[in-house]
Amino acid sequence: MFSSNLLTGIKSTGRPHLGHVIGIIYPTILLLNKELFNNKLILIANLHTLTNYNFMTTNKTNSYQILAAWLACGLDYNKVICYRQSDIPESTELLWFFSTLFPYNRLKLVHSFKEYKRNNKRINTATLTYPLLMAADILISQAELIVVGKDQLQHLEIARKIAKTINKRQRIFTLPKVKILTNLIKGTDGQKMSKSKNNLIDIFSNKKQIKQQIGQIKTQNQFLTEDNNFLKDNLYNIYINFAGSQQINKNLNVGYQHAKAELYSLLLRTFKKERHLYKSYIKQTSKLDKIFQVGATKMKEIIQPTMKKVRKLFDCY
């Protein structure tokens, strides 16, 4: 009988921005506190990050920043397993087994790969096999529930397909179900908040940078009246996650600059505790290393029975 595990992950691309905190970290912590699971797994996907060459020299620091942000937002590391992808080499071994089963042409049709191909001339092999490594991370954890963003749904379906293929030969993997986090915070340009698009608000940054980022929020060209649809305004959509509609209506009606100033003050007040804790945790790298080491040890205990079965299935054991 499989364990009842929950898994979520985040790439180690640096300090989590407002979209990560509101859309991923807080909802996941709330879910972890409400639901009962044998193991609650938080993956720092620092191998996935290496599909971008720019992170090769900052990967370790970025992993610290991700973990420090989780802890600052209230994650109890004693009740979850936090681990780095690179500390579980069995995942990359599993990727290789999966690559012998999954069609090459199917990988070329994955939405994320096609989008990357449209926007980049230089494409490495890791970008193509990204979904297989994600499938390995998911299936090796024997997680029943995977918490992901909507843009990762196709990757989860690939993991389920691989699990079904292998389970037809021998029942090894739990067939994971998905919980999609839909609380999306748009960036300063109205698109999905992303470091690559440089449209983020970094609540863990210094006050000057946060003020500059808020100042870059694009708004409608014409002044709003009562007849305008506030939902079309990007400033409104960011603000509404923190203040009631009456407050935002009041501020927008006296001008965008005033509304941006109010948003700046509101963010600093809302995340005052988190900003303080983050500054403290990020200095304690030995503590963060210890959390990762304990997490890796616990994950080894979870994955070894699975890997033993997989190696035997492929006649490598």
Inset, instruction - Give segment 107-138 a look and list any residue that's touching a Leu at 6+ places or on another chain (Cβ under 9 Å) and of a type in the set (K, R), or say none. - result: K108
Legend entry - Which numbered condition N183 fails, given (1) modelled with pLDDT of 80 or more; (2) within 21 Å of the chain's Cα centre (by Cα): (1)
Inset, instruction - Return a yes/no flag: does segment 255-262 have any residue that is on the phi < 0 side of the Ramachandran plot, modelled with pLDDT under 80 and not in a helix (DSSP H, G or I). - result: no
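Can you find, within segment 157-178, the residue that is farthest from F314 (Cα to Cα) among those that are among the hydrophobic types (A, V, I, L, M, F, W, C) and touching a Pro at 6+ places or on another chain (Cβ under 7 Å)?
I158
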Inset, instruction - For Y116, indicate whether it is surrounded by 13 or more Cβ atoms within 10 Å (Cβ to Cβ), among the aromatic types (F, W, Y) and closer than 20 Å to L41 by Cα. - result: no
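Could you pull out the residue among E115, E144 that is modelled with pLDDT of 90 or more and among the acidic types (D, E)?
So the residue among E115, E144 that is modelled with pLDDT of 90 or more and among the acidic types (D, E) is E144.
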Legend entry - Criterion (among the β-branched types (V, I, T) and within 30 Å of L235 (Cα to Cα)) met by exactly one of I146, I158, I138, I180: I180
Inset, instruction - Determine which member of the set T51, T57 is of a type in the set (V, I, T), surrounded by fewer than 22 Cβ atoms within 10 Å (Cβ to Cβ) and free of Cβ contacts under 8 Å to residues at least 12 places away in the same chain. - result: T57
Inset, instruction - Residue by residue through segment 50-92, note down the ones that are more than 17 Å from the chain's Cα centre (by Cα) and over 27 Å from K121 (Cα atoms). - result: D76, Y77, N78, K79, D87, I88, P89, E90, S91
Inset, instruction - Counting only residues that are within 28 Å of F292 (Cβ to Cβ), give me the helices (runs of 4 or more DSSP H) lying completely in segment 62-130 with at least 1 of them. - result: 90-99, 111-119
Inset, instruction - Find all pairs meeting these conditions: Cβ atoms under 8 angstrom apart; at least six residues apart or on different chains; first residue within segment 92-114 and farther than 16 Å from M134 by Cα; second residue basic (K, R) and part of a helix (DSSP H, G or I). - result: K114/K108
Inset, instruction - Being hydroxyl-bearing (S, T, Y), touching a helix residue (DSSP H, G or I) at 6+ places or on another chain (Cβ under 6 Å) and closer than 17 Å to I138 by Cβ is the filter here, so list the residues in segment 70-108 that pass it. - result: Y83, S91, S99
Legend entry - Qualifying positions in segment 30-57 - under 20 Å from Q85 (Cα atoms) and not in a strand (DSSP E or B): N46, L47, H48, T49, L50, T51, N52, Y53, N54, F55, M56, T57
Legend entry - Selection count where residues are among the acidic types (D, E), in a helix (DSSP H, G or I) and either closer than 14 Å to T51 by Cα or touching a strand residue (DSSP E or B) at 6+ places or on another chain (Cβ under 7 Å) (or both), scope segment 131-163: 1
Inset, instruction - Search segment 268-317 for residues being acidic (D, E) and not in a loop (DSSP other than H, G, I, E, B), and hand back the single one that is surrounded by the most Cβ atoms within 10 Å (Cβ to Cβ). - result: E274
Legend entry - Where S265 falls short, out of the listed (1) farther than 30 Å from I140 by Cβ; (2) of a type in the set (S, T, Y); (3) modelled with pLDDT of 80 or more; (4) assigned to a loop (DSSP other than H, G, I, E, B): (4)
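The values are calculated or read from the model by the stated rules, or taken from the named source; none is laboratory data. Model, not experiment: these values are computed from the prediction. Neighbour counts run over all protein chains shown; Cβ positions are idealised from the backbone, glycine included.
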